[in-house]
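Single-structure report; data block below.
Computed from the coordinates by the stated procedures, all read-outs in this text should not be read as laboratory data. Just so it is clear, the structure is predicted and the values come from calculations on it, not from any experiment. Glycine gets a Cβ as well: all are built from the backbone with ideal geometry, and neighbour counts include every protein chain shown.
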Amino acid sequence: MLRIIIADDHNIVRRGIKEILKEEYPTAHVEEVGDAEDLIKHVMKDEWDVVLTDISMPGRSGLDALTQIRQMFPKLPVVILSVYPADQYGIRALKAGASGYLTKDSAPDELVKAIRTVLLGKKYITPLLAEKLASVFDTEADKPLHEYLSDREYEVFKLLAMGKSVSDIAQAMNLGVTTISTYRARILVKMNMKTNADLTLYAVEQKLI
């Protein structure tokens, strides 16, 4: 029996994905969890054929969960299903070990196609993500500043650029205020900027928010 687990903090999203999967795989066992911690617990407890996870969830991010799953179960396919466009998180997800990356507005048949592909042990890469992957081979000088950030730094950068305070980010990510302040300092240094307003302007110009 095919076993699939879905991690997303929105119940309606999980239910929608589950219905799509059940139409294609009526006998499949599909389970739902609402955050990365529960996802890790379920993956450690039972055997799964495919993991579908969001990136942005309360507490740990989907990328954090992906990294840990890769360490424990290197062959378990993990597909990222996110609201963020592929050009923002797709490359990061693949580098972290994802088997595929889809946006939540993808057509249902694309999700099914992705599942079929990763079950064969292959990676599912959309044309847009393939184009982005090709750009990775460009020179380092051509890389946008935000691509020098680590996954966690990039996550904090996006929230700062959206106007979130350090304390708000700390609460959302379940981290200490001091930790987030440290990330902010690193981000400003790496991107050669001085204020949150600079980060916001950059994010708007790069169409990241």
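Some values worked out for this structure:
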| read-out | value |
| --- | --- |
| Contact order relative to length of the range 1-60, as percent, for alpha carbon pairs under 8 angstrom and 6 or more apart | 50 percent |
| Nearest-20 debye value, the chain charge dipole, Cβ charges on Lys, Arg, Asp, Glu | 360 debye |
| Sparsely packed trypsin sites (Lys or Arg not before Pro) within the range 156-209, loop by DSSP, other Cβ within 10 Å at most 13 | K194, K207 |
| FRET efficiency estimate (nearest 0.05) - Cβ-Cβ, T178 to E147, R0 30 angstrom | 0.70 |
| The range 1-76 shape via C-alpha gyration tensor axes, a/c threshold 1.5 | oblate |
| FRET efficiency, E131 to E19 (Cβ-Cβ, R0 25 Å, nearest 0.05) | 0.20 |
| Relative frequency of Cα-Cα separations exceeding 14 Å in the range 141-205, percent | 52 percent |
| Theoretical gain in end-to-end length, M162 to R116 [0.36 nm per residue, Cα-Cα removed] | 12.9 nm |
| Centre separation in Å (Cα based) which lies between the range 151-209 and the range 36-84 | 24 Å |
| Percent RCO, i.e. relative contact order, over the chain, from Cα pairs under 8 Å lying at least 6 residues apart | 15 percent |
| For the range 105-209, size of Cβ-based charge dipole, Lys and Arg +1, Asp and Glu -1, in debye | 260 debye |
| Calculated FRET efficiency for the pair Q206/Q71, C-beta based, R₀ 25 Å, to 0.05 | 0.20 |
| Compactness of the range 20-163 as Cα Rg over 2.2 N^0.38 Å, two decimals | 1.06 |
| Percent RCO, i.e. relative contact order, over the range 1-116, from Cα pairs under 8 Å lying at least 6 residues apart | 24 percent |
